[in-house]
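Enquirer: My questions all concern the structure below.
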Amino acid sequence: MRRITYLLTILATVLSTAFVPAAASATGTGHHGHRKCVSVQPETGFYEGGRVATEVLTVPASRCRTISVSHIKDPANPPDRCQTFLLGFYPLVDGSLTYTEPVTACGRHRTVLARNVPDGTAYIVLYNIDYLEQRIQFRVHH
């Protein structure tokens, strides 16, 4: 009986942490965990109160367990190649998205925004604008 209780405790612990994406550190370049990631250049989903969000994206079935960004640029200001991003995860919990901590990413290198993301997870990528009408171009790898 103790063995069954022990196994159930371990299973509950694993399941309770397996589906929670973890935000990456702002200093990490995110070179690990990218094998077999799908790369997309998302469309803009909405703009509200100085923040731009992508269309809703869904993590495809793959061996990739991270969400990262790369190839960041501001077409209206070419020297500007950095932006601070965060993710909003669905499904809605108590009427709101679950957000990661903001992470600054620059240039062509991949920067991980979240780790341990399960296949089928729906999310949006957000960033704050620096000036009116700013639209940053970037790639998302998931």
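Coordinate-derived values only; no laboratory data. These figures come from a predicted structure and were not determined experimentally. We place every Cβ from the backbone using ideal geometry, glycine too, and count neighbours over all the protein chains shown.
Enquirer: Say a paramagnetic label sat at a point 7 Å from the Cα of H109, along Cα to Cβ; which residues of the range 47-84 have their backbone N under 16 Å from it?
Expert: So the set is 68-73, 81-84.
Enquirer: In a shell of Cβ-Cβ distance under 13 Å around C106, excluding C106 itself, what net charge do Lys and Arg (+1) and Asp and Glu (-1) give?
Expert: Counting the neighbours of C106, the net charge comes to +2.
Enquirer: Using unit Cβ charges (K, R positive; D, E negative) and no other charged atoms, how large, in debye to the nearest 20, is the dipole of the range 34-142 about its Cα centre?
Expert: About 700 debye.
Enquirer: Tell me, what is the percent relative contact order of the range 58-113, built from C-alpha pairs under 8 Å that lie six or more residues apart?
Expert: Averaging sequence separation for qualifying contacts and normalising by length gives 43 percent for the range 58-113.
Enquirer: May I ask you to derive the FRET efficiency for Y99 and A76 from their Cβ-Cβ distance with R0 = 22 Å, giving the value to the nearest 0.05?
Expert: 0.25
Enquirer: Place the peptides 122-134, 70-82, 38-50, 103-115 in order of packing, highest mean first, counting for every residue the other Cβ atoms within 10 Å and averaging per peptide.
Expert: Ranked by mean Cβ neighbours within 10 Å, highest first: 103-115, 122-134, 70-82, 38-50.
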